[in-house]
Amino acid sequence: MDELVVSTDVHADPEDVYAFLLDFPRYANYSKYLREVRTLEGEGGPGTCYALTFAWWKITYTAHSRVTGVEPPERIDWEITKDIDAGGCWRVTPAESEGASDPAASDSNDANDANDTDDDLTDRPCKVALEVEFDPGSASSDALDLPMLVSLDWVVKKAIPLIRGEAERVIERAVRDLEGSNRDVDLDVYVDSARI
């Protein structure tokens with residue numbers, strides 16, 4: 001399985017970030033190649049199914065996905081349900097109060113922790129990450145109506161870097177909307193793949 005993780009900090013309330021990410025049809029607004037997201041069934045929770053129509057070069061493809069689990073406000077799990085073995089999750093890691101990860105500092109910060117307000121925590125960024133796992137070798141050759149002389153291997157080789165670019169683009173644009181700003185978004189990108 002290949003793995004891609006794109007993450008960044010966002011200055012927004014974790015519950016707002018979670019609700020924003022749960023709205024899958026909105027993703028078409030942030031993507032260069034995602035043309036449409038239709039809800040096939042459900043209301044965003046586990047079992048909700050979507051049809052995601054992508055267009056690139058001379059190829060149009062509709063992927064089918066399903067939300068497989070949610071842990072509000074920290075996690076949304078999903079999977080692709082046909083043509084390729086793929087899935088992943090959105091993670092929202094809330095900001096912690098200062099010193100919470102340092103056991104030695106916890107005694108000295110107990111009084112300060114009592115003074116922390118929700119406003120103080122929203123001033124600190126939470127982390128948002130898109131994690132994707134996929135097996136390029138599992139892609140079905142019947143899934144696409146390819147032009148003559150174009151192989152599925154060629155399409156997969158070209159598509160993998162596009163997936164990374166799309167993940168980065170979606171997170172950058174979502175963060176800008178969540179924060180209501182047009183700042184440059186610093187991304188952390190992890191790729192575990194021999195193909196990229």
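Computed in the context of the full set of protein chains, the accessible area of the stretch 20-101 at 1.4 Å probe radius has 45% of its extent on carbon or sulfur. How many nm is it between the label spots at residue 41 and residue 26, if each spot is 7 Å from the Cα in line with the beta carbon? Spacing of the two 7 Å Cα→Cβ label points: 2.6 nm.
Applying the Karplus relation 6.51 cos²θ - 1.76 cosθ + 1.60 with θ = phi - 60° to the stretch 131-141 yields 3J(HN,Hα) values of 10, 10, 10, 8, 10, x, x, 8, 4, 7, 5 Hz, where x marks Gly and Pro. Computed across the stretch 152-196, the Kirkwood hydrodynamic radius from all distinct Cα-Cα pairs reaches 12.1 Å. So for the stretch 1-103, Kirkwood radius off the Cα pairs, Stokes-Einstein at 37 °C and 0.692 mPa s: how many µm² s⁻¹? Here the translational diffusion coefficient equals 216 µm²/s.
In straight-distance terms, cross-link reach from residue 157 covers every one of the lysines whose alpha-carbon lies under 23 Å from its own, apart from those fewer than eight places away in the same chain; here that gives 32, 58, 82.
The residues of the stretch 139-196 expose, per residue, 65 Å² of accessible area to a 1.4 Å probe.
Please calculate how many Å² of accessible area the stretch 1-59 carries per residue, with a 1.4 Å probe and no DNA, RNA or ligand atoms counted. Write down the numbers at each step before the final one.
Details: 2890 Å² over 59 residues.
So the stretch 1-59 comes to 49 Å² accessible per residue, rounded to a whole number.
Taking label positions 7 Å along the Cα-Cβ direction at both residue 93 and residue 187, the computed distance is 1.8 nm, reported to one decimal.
Count Lys and Arg as plus one, Asp and Glu as minus one, and take only other residues whose Cβ is under 9 Å from that of residue 3; the net charge is then -4.
The values are calculated or read from the model by the stated rules, or taken from the named source; none is laboratory data. These numbers were taken from a predicted model, which means no experiment stands behind them. With ideal geometry, Cβ positions are generated from the backbone for all residues, glycine too; neighbour counts draw on all protein chains shown. Heavy atoms of the whole protein, side chains included, go into the accessibility calculation; ligands, DNA and RNA do not. Shrake-Rupley method; radii C 1.70, N 1.55, O 1.52, S 1.80 Å.
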